[in-house]
Amino acid sequence: MPRVSFEHIVKRYGNVTVLDGLNLAVEDGDFLVLLGPSGCGKSTLLNLIAGLQDVTSGRIMIGERDVTELDPKDRGLSMVFQSYALYPTKTVEGNLRFGLSARKLPKAEVNKRVKWAADLLQLQPLMRRKPAALSGGQRQRVAIGRALVKHAEVLLFDEPLSNLDAKLRTEMRLEIKKLHDTLKPTIVYVTHDQIEAMTMATKIAVMNDGEIQQFGTPDDVYENPANLFVASFIGSPAMNLAAATLTVDGGQPLATFADGSAMSLTDAPFDNDVQPDREIMVGMRPEHFVMDATGSAAGHAAFELPVRMVERTGSDALISLDFAGEHLFVRAEPDRAVKIKSGDAVSVHYPIAKLNLFDVQTGQRL
Amino acid sequence: MTDAPVMYPRKPQRIKGRSIAIIVFLSMAALFFCIPLYVLVVTSFKEMEQIREGAIFSLPARWTWEAWSYAWFDACSGLTCEGLRQGFWNSVAILGPSLVASIALSMVTGYALALWKMKWAGTFLFVLFLCAFVPFQIIMYPLIRLTVSLGIYGSMTAIVFVHTALALPVLTLIFRNFYKDIPEDIIKAAVMDSGSFWRIFIEIILPMSGNILIVVLIMQITSIWNDYLIGVTFGGLGTKPMTVHLANMVTVSTGTVSYNVNMAAALLTAIPPLVIYFVLGKFFVQGIAAGAIKG
Amino acid sequence: MGLRWSRITPQLAMLPAVAIMVTAFLGSIGWTIFMSFTRSRRLPEYVIDWDRPFRQYERLFGDAGWNISLNNLVVLAFGSALAIFVGFILAALIERERRGEDFFRTVFLYPLAVSLIVTGVAWRWIFNPQYGIQHLLQSMGFENASFNWLNDPSTAMYAIIIASVWQSSGFYMALMLAGLKGINTEIWSAARIDGVGLFRVYIEIIIPMMKFTFLTCAILLSLGVIKAFDIILAMTNGGPGQSTWVPAYFTINAMSQKGNLGYASAAATMMLLITLAVFLPLVALTAWQQRVAKRGAN
C-alpha cells in the first residue's frame, strides 16, 4: 500500500483561501485521521485527494504517481461517505457490484470479491435488501463493503460514524480498526470526534483554519500538544490552562499565577531555551493530578484549593477547584470524590514533568 | 504566507469540452424556445407589405408602432371596434378583486385547517384534494345557473366569484401545507396567551406568510390574467377579459387579415404576465413546486 | 375561558370555503351527473328517464365526434409526454452545468407565463402556409416542404402537440430540476469515484431514484391533457372538421353550440370518470410516498 503525500496544496474558492501551502505525508499502511472543528479544511483536503475537487495549485502523490490531474476513478482509491451514499434503488449486492461494474473485471472475480466483502462484514443475510430497509449500522457496513471490494490502495473516510448513535459508533470504531489491522490499507479518515481519532489513528493531523496545527501519533498529540489550539481541542475533559507570568530567578524558571502563588518550573519540559518575562499558559491535564498525600514527593507542584463543585460522570468524578478565580478541574476516583463536598479545601499535586507550557503571544509550546 | 512561491502550479483552468457542449446545446434549445416570441415581436413591428413577402424571421425593414396602436385603439373584436383597451381594463378590473378574494379566502381556510383542530378537517382536505383536479366542464353549467339565480351572470362579479371558487381547492392546500410546518407549540403558546383565532392570524401568521404570499400572488396573477374559459363563459357584453377580446380579434376571418395587428394584440395581452414573470421568476418556480405537490 | 370561542371561530371562518365547496363543487358535480341521466335539452328537466337512463351515454358513444375526441385525447397524452422527456433532458443538463442556470430556466419556463390564446396566435402564425415556415422553406428551395399542418386533419393534432410541448416542457423541467436537486450530492461523488459512466448513473441510479417525480409528472400531464381546451381553441378551434376535438372541447361545444344539456352533462361526467381513473393512482401514490418516507426516516 502506497504512501500518500500532499505537497504545497493551495485551495481557493474565489477570493477565499481554504488551504494555503499545506504539506502532509503519510506512510503506507498508516491510518491518518484529519481532526479538526468544522470549517477547518479537513473535508476539503479529503475531497482534493479523492479528486472530487481540484487543487488551485500543488501536487498530490499516491505512491510514485502524481494524481493531481487524474479523474477520481483513476486514482486507485475508494471512499466511505458521511451519508453512506448507498445507491437507494439497488440492493446491497447491487451496491457492491455497481462500483466494480465500471472496471470490466471477469465475472468470477466480481463474484469472489463481493462474497469476500460480504463475509468479512457479515452482510450475507442482507444481500437482497435495499438500503432503506437497513439500520444505520448495516448501511455503514455496506458502505465500507462497497469501498473494500474495489481493493483500492487508499481508503478515504468522510466522517463515516457521525450519523450513528453512541453505542453503534463504539462498535463500528472497533470494526474499522480491525479492518485496518487485517488489511493494512492506507487510510485517510476525516472526523471532528477526537475519540475516533485517538482510538483508531496511527497518525493524527490536527487542523484549524486550513493549517495543520500538529501532526503526530495520538500519544504525541495528546501528551505534547504543539500549541494552545491543540491543547484545548484534544482531551475531554479539556486541559486546564492557567495564565501565569514566566520569570527567571537565579537561573531557575518560575511561573507566577494570578493569585500570586508561584510554581517552580525547574524540572518542566521546555522544548526551547527559557526566555523570561513573558505571559504564558500552564496546561495541566485533569487526570495527571495526584490526590494522595504521598504524592507530594519531589517533582510535583502542590495546590491547596477550595472545592467549587463535584461532578460524577459514572466511571470518574471531576472536581472543580477554585484556582485564582478560575476553574481547575481534577479527575478523581469516585470513591474518593464522594467524601469531598463543595467548600472543602483539598490538596492536590501535579507532576512538573507533565506540564504543558505555552507562550500566550504566539500560542506555541515553550 | 501569501508571498510563498507557488509550487506545482496547475495549468490555467479551462472550461471542459463537455461543459461547452452542454452550454451550446442548451443555448440552441433556448433559441428554439424563443422562436414564437421572436416572430411575434418582429411581425408586430412590420408593415403588411413586408409581411406578405413571407420572410417570417426577418427583422422589420421599418420599425413601426402602427400595428400596436391600431391593436390598442381601433381593432375590431366582435362587433365593437375599440381595440384591446376595453379588454385590458376589464382584465385589470377582474384581476384585483379576484386576487384579493381568492387569496384571502384560501389563506384563512388553510390557516384554520392547518393549525386549529377540527374533527372533519381530514375529510374536508380530501374533498379539496379531489376537487383540485376536477375538470371545469363538469361544474360549468351548474355555476352558470348559480350565477344567474344570484343575478350576477354576465357581470364582473360573476367572473370574480368563479375565479375565487375555482382557485379555492389548490390555494387552500398550498396555504395549508405551508402553515402545517409552523411548530404547533407556537399556536399553543399563542392560545395560552389569550390569542383569539383572528388575532393569532393577523399578529403571528400573516407576518410569517410573506414568501408564500408572493408565490401565490404570482401564480394567481398569471392564471387569472391568462384565463379564457371563465371569462368567455361568465362574462357578458363589456365585461369580457382581454384574452377573450384577443381571441375574437384574431379569429375574425372577414377581409384581409392584419397579421401585424394580431401579433401586436397577442403581445399586448402577454406583456403583463411576462413582465411579472421576468421580474419575479424565482417565485414563479416556487409556485410550480408548491402547486404540483398538492398532497 | 375563551376556549369555547376558540373552537367556534375557526369553524365559522371556514364557513365560506365549505359553502363554496359544497355548492360550487360537490353540488354542481352531483347536479351534472344527475342531468346526464335526464332528457334535458336546452333547459334542465329534473326527471330521470327511467326507461333509458343511459340514453345520453349511448348516444355519446355512437357519436363520431366523441370517438374522435377520445382518440385525440390519447394522441395528445402520448405526444405531450414528449414534454416530460424534454423537461428531464433540459433539467439534467442545467443541473450538470450550473453555469447559466437562472438564465436557461427563465427562458424555458416563460411560455408557461403566457396565455394559451397568445401561444395559439404565435404558433398559428408559424404554421401559416402563406407567410410562415412553409413559405420560408419553399423560398429557400425546398419546394415540397409542407408545414401547413393546421389545415390538414391528419397533421393538425401534431401541430397542437408541438405547441403544447413548447408550452409545458419548462414546467416539467422545473419539477425535474427540483427532483434532481433533492438527490444527495454524495451519490454523485460515490459514482464518480466508482468510475461509472454518466449515462449508466442516470439510467441505473438517478432515474430510478426519481420515480416519484416522474410519476407525478405523468399524472399531472394526464390531468392537464384532459382539461386541454384553450390550446385547441386557439390553435384550430377543433378543426379542420372535427379532427382536433378533445373531450373538453366536445363538452363545451355540446353545451354552447348544440345547447344540449343532458348530452353535455354525459360528456362532462365521462371527463370526470377519466379524471378519476388518473386521479386515483395519484392518491395511491401520495399514500405510498408517505409510507416510504416514514420507513426511510427510521
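One table, with the values for the structure above:
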quantity	calculated
Test: residue in the range C:132-152 that is more than 10 Å from chain B (Cβ to nearest Cβ) and closer than 27 Å to residue B:286 by Cβ	no
Single unsatisfied condition, residue A:140 versus (1) buried (at least 20 other Cβ atoms within 10 Å of the Cβ); (2) part of a strand (DSSP E or B); (3) polar (S, T, N, Q)	(2)
Any hit, the range C:84-93, residues being at the interface with chain B (Cβ under 7 Å from one of its Cβ atoms), among the aromatic types (Phe, Trp, Tyr) and touching a helix residue (DSSP H, G or I) at 6+ places or on another chain (Cβ under 7 Å)	no
Those residues of the range A:232-246 which are within 12 Å of residue A:285 (Cβ to Cβ) and not hydroxyl-bearing (Ser, Thr, Tyr), in sequence order	A:234, A:235, A:237, A:238, A:239, A:240, A:241
Only one of A:32, A:46, A:24, A:86 that is touching a strand residue (DSSP E or B) at 6+ places or on another chain (Cβ under 8 Å), crowded, with 21+ Cβ neighbours inside 10 Å and in the same structural domain as residue A:173 (by TED's automatic domain parsing)	A:32
Verdict on residue B:125 being out of contact with any strand residue (DSSP E or B) (no Cβ under 9 Å at 6 or more places or on another chain) and not in a helix (DSSP H, G or I)	no
Filter result for the condition that a residue is polar (S, T, N, Q), assigned to a helix (DSSP H, G or I) and over 30 Å from residue A:317 (Cα atoms), over A:170, A:247, A:182, A:199	A:182
Of residues in the range A:63-73 being crowded, with 17+ Cβ neighbours inside 10 Å and assigned to a loop (DSSP other than H, G, I, E, B), the one farthest from the other protein chains (Cβ to nearest Cβ)	A:67
Within the range A:190-237, tally of residues that are on the phi < 0 side of the Ramachandran plot, of a type in the set (D, E, K, R) and more than 10 Å from the chain's Cα centre (by Cα)	4
Hits in the range C:217-232 - residues which are under 22 Å from residue C:289 (Cα atoms) and in contact with a Leu (Cβ under 7 Å, 6 or more places away or on another chain)	C:217, C:219
Every residue from the range C:253-265 that is over 15 Å from residue C:236 (Cα atoms) and either surrounded by 23 or more Cβ atoms within 10 Å (Cβ to Cβ) or more than 9 Å from chain B (Cβ to nearest Cβ) (or both)	C:254, C:257, C:258, C:259, C:260, C:261, C:262, C:263, C:264, C:265
Residue, farthest from the other protein chains (Cβ to nearest Cβ), within the range B:49-63, restricted to residues that are of a type outside the set (Gly, Ala, Ser) and surrounded by 15 or more Cβ atoms within 10 Å (Cβ to Cβ)	B:60
Residue in the range A:12-35 that is within 14 Å of chain C (Cβ to nearest Cβ) and among the basic types (Lys, Arg) present	no
Residue within the range A:173-181 that is within 30 Å of residue A:93 (Cα to Cα), surrounded by fewer than 19 Cβ atoms within 10 Å (Cβ to Cβ) and in contact with a Lys or Arg (Cβ under 8 Å, 6 or more places away or on another chain) present	yes
Filtered residue count, the range A:36-62, keeping only those that are more than 14 Å from chain B (Cβ to nearest Cβ) and of a type in the set (Lys, Arg)	1
Count of residues meeting criterion [at pLDDT 90 or above, more than 14 Å from residue B:241 (Cα to Cα) and within 9 Å of chain C (Cβ to nearest Cβ)] in the range B:259-272	1
Matching residues in the range B:15-27 - criterion: being over 27 Å from the mean Cα position of the chain (by Cα) and of a type outside the set (Phe, Trp, Tyr)	B:15, B:16, B:17, B:18, B:19, B:20, B:21, B:22, B:23, B:24
Qualifying residue in the range A:292-302 (condition: on the phi > 0 side of the Ramachandran plot and surrounded by fewer than 12 Cβ atoms within 10 Å (Cβ to Cβ))	no
Test for residue C:187: is it within 11 Å of chain A (Cβ to nearest Cβ) and part of a loop (DSSP other than H, G, I, E, B)	no
Unique residue being touching a Phe, Trp or Tyr at 6+ places or on another chain (Cβ under 7 Å) and over 15 Å from residue A:242 (Cα atoms) when the list is A:290, A:274, A:307, A:348	A:348
Hey, residue A:29 closer than 26 Å to residue A:209 by Cβ and among the small types (Gly, Ala, Ser) or not	no
Set B:51, B:35, B:103, B:94: member being in a helix (DSSP H, G or I), in contact with a strand residue (DSSP E or B) (Cβ under 9 Å, 6 or more places away or on another chain) and among the aliphatic types (A, V, I, L, M)	B:94
Any hit, the range C:66-75, residues being within 8 Å of another protein chain (Cβ to nearest Cβ) and among the aliphatic types (A, V, I, L, M)	no
Cβ-Cβ under 7 Å pairs, at least 6 apart or on other chains, the range C:257-283 side closer than 19 Å to residue C:52 by Cβ, far side modelled with pLDDT of 85 or more and of a type in the set (Gly, Ala, Ser)	C:260/C:254; C:262/C:36; C:263/C:254; C:264/C:254; C:265/C:36; C:266/C:36; C:267/C:254; C:269/C:36
Among (1) in contact with a strand residue (DSSP E or B) (Cβ under 7 Å, 6 or more places away or on another chain); (2) away from chain A (no Cβ under 12 Å), the one test that residue C:193 misses	(2)
Qualifying helices (runs of 4 or more DSSP H) (wholly inside the range B:157-261; at least 2 residues being crowded, with 20+ Cβ neighbours inside 10 Å and in contact (Cβ under 8 Å) with a residue 12 or more places away in the chain)	B:197-200, B:210-226, B:229-234, B:242-251
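The values are calculated or read from the model by the stated rules, or taken from the named source; none is laboratory data. For clarity, every value in this text was computed on a predicted model and none was experimentally measured. Positions of Cβ are generated from backbone atoms using ideal geometry, with glycine treated the same way; all protein chains shown enter the neighbour counts.
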